[in-house]
Amino acid sequence: MDITKYIRCFLDSASILYRVERSPVLVLAVMLLLGTFIMPVELWLVKTLVDRVQAWAAPAPIGPILAAASWLAALMIINNIGFVPVPLAMTRLSEIGTLEEQRLLLYKTSKLPLTLVEAPRMKDLRERALQVSLFTVYDTGCQLLQVSLQSAVLIALMLAYGQWIPVIAISAAALLQMYVMGKSAASLERLSREQTSGSRLLRHYAALMTKREAAKEIRLFDIGTILSGRWLELYQRQSREKWTIVRSSELRKIGPELLMVLVGGLLVSLLVLLPGASKLTAGEFTLLFMALTLLLSQLKSLIGHAASMQTQYMRWADFRAYMNLEEDHRFEIHHALEARNTDTSGKAETANIGTVIRKYSDSITESPPNETVRGTSLEIRKLHYRYPNTERETLHDISLTIPSGCRAALVGENGSGKSTLIKLLTGMYMLDRGEIVWSGEGGRSLKDGKPGEGSISAVFQDFTRLFVTLRENVALGNLTEMHHDARLRNALRSAGSRLGDLDMQIGSPFGGMEPSGGQWQQIATARALLRDAGFVFFDEPTAALDPQTEKKAFDLFLRVTEGRSALLVTHRLGAAKLADVIFVLKHGRLVEQGTHQELMKRKGEYSRMFQLQASWYA
Ligand SMILES: Nc1ncnc2c1ncn2[C@@H]1O[C@H](COP(=O)(O)OP(=O)(O)OP(=O)(O)O)[C@@H](O)[C@H]1O
């Protein structure tokens, strides 16, 4: 058994908790150590008391007996009420531990490359990392330390009286039991690791049956029965697997447990026959008897804590593995999330989106004036990309240029690779091969070929629906504008939205106003427009808009992107027609590029798609 790894895991969790809040960590450690040394003092007082009672005969003074009894009583009182701070410290540690481990994991996830976040293997690892409990690791480590010290004191005491036979017998039985229990704990935790993706699937089925997104189709197509059947089947399979492991490990434990009970029972009943026992005083005999019975119960608890430490260590290892994943430093989520917020009483507080937004924006007293937007140009050279879990490349050998101030459109059939290309261009994914070169006005390179901070903005088709106020929803695009109502309203108007009450709560799940699909899209567009970026991506930003609003949105697209470069991904070729240049993707290849007129003349893919769409309106 590699004890150093448990010690490392204990010290790591202690240092994280200590960093968050010192006092409960210290209180628990000090109290547990104090508790360790109360026990031998108690034993010594019992021995003294018994010896004094046995030696007493009238008319000798009773004072020494009363003194020993009083000390013993005082110790019992201390033992019972002196440790009140322990449960308080434990409650606090459990609270801050949960907050801190979740905060660390959330923040870490926000910094990982999107491909890692999306990979099923990483989802499993994150799930397991979420099972770690910093408090349990620390508490189990402290308890383990306490019972180990107490057992060592008891063993030393017994050895001092020459009782090496019971010490060797009990220790051997305990080590055997500890080994078997450790193995059982490890195999149960291994099963839990193996079942992680199944457990995710179980939660997915449960979420499908309870979340509103799927509610309509579940009712209409009556798929609730199928889903609940699958859920039940998977649940039962996992239970059966667990049952098999639990049963075999419980059976494995019977032998060593029986041995421990037999050895313990035999030693307790035969203590009088052990070498030197006949020469003991009554007090010494009581001391030894108590030490032996206490040692038996301490070893039992030591074995339990060691098994629990094994489980905690495995969860900790997953937590560490997740925390050690390589981050994508190109896109730092703003630093407010990193800083642990501290409330007025100095206690740790989780950084929820609302408080982060408020604290960050409150710290900005003066907003910088709106700088004139400068065009950004983009050049893609021989770009290739393949998703990690697929055989074929999704994008092959793409080369194109969008000069400064150019409004381009990207069109293509479903699955041709448009969204993948946008994710690569916005830095969400890393390219396999090729180059993306961003340049500022005058050809100045913006940040080693990566988009500079704030130089790009985007409206995605799967934009985020944030259940915060309208103001916060829009200002997330540029937090320095949080208190500039005119600019926020302007961004909303530019996006075609008529919503104007900036402080209204958005989202019916939290009692707020529920925007329609199109209204959500307008809010997301306003968010993107608020950032004065030189390059704006529009990934199907009008899919949820009615024809009239859509037409307005495209007019707006033209107006708000004036002077900027933009790339519009769309299936509406009537809108693509307005772009300065159109790029056509097919099966991950760039098959055509040019203006609408040029492409129509070519009578290729674009012209075929355009005529097909136009025929609907003919
Ligand atoms: N996370 C992923 N893992 C593996 N393959 C993916 C992933 N996301 C997309 N793909 C695949 O990549 C290809 C291109 O998908 P993409 O979403 O880029 O197409 P698109 O042109 O945006 O389609 P649409 O017009 O339907 O939105 C598709 O074959 C799709 O199945």
(request) Would you please list the contacts, defined by Cβ atoms under 8 Å and residues six or more apart or on different chains, that run from a residue in region 409-420 that is acidic (D, E) to a residue that is at pLDDT 90 or above and more than 7 Å from the ligand (Cβ to nearest atom)? (result) E413/K586; E413/M609
(request) Within region 562-609, track down each residue that is in a helix (DSSP H, G or I), crowded, with 17+ Cβ neighbours inside 10 Å and away from the ligand (no atom under 16 Å from the Cβ). (result) H596, L599, S607
(message) I'd like to verify a number: residues in region 459-479 that are touching a residue at least 40 places away in the same chain (Cβ under 8 Å) and within 16 Å of the ligand (Cβ to nearest atom), how many?
(response) 4
(message) Go through region 1-30 and report how many residues are closer than 12 Å to G97 by Cβ and either loosely packed, with under 13 Cβ neighbours inside 10 Å or not aliphatic (A, V, I, L, M) (or both).
(response) 5
(message) Give me the residue from region 121-136 that is crowded, with 18+ Cβ neighbours inside 10 Å and of a type in the set (K, R) and, out of that set, farthest from L28 (Cα to Cα).
(response) R126
(message) Can you tell me how many residues within region 388-412 are within 7 Å of the ligand (Cβ to nearest atom), modelled with pLDDT of 90 or more and either within 32 Å of the chain's Cα centre (by Cα) or exposed (fewer than 15 other Cβ atoms within 10 Å of the Cβ) (or both)?
(response) 1
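The values are calculated or read from the model by the stated rules, or taken from the named source; none is laboratory data. As the structure is a computational prediction, the values presented were derived from the model and not from experiment. Counting neighbours? That spans all protein chains shown, and the Cβs are built from the backbone with ideal geometry, glycine included.
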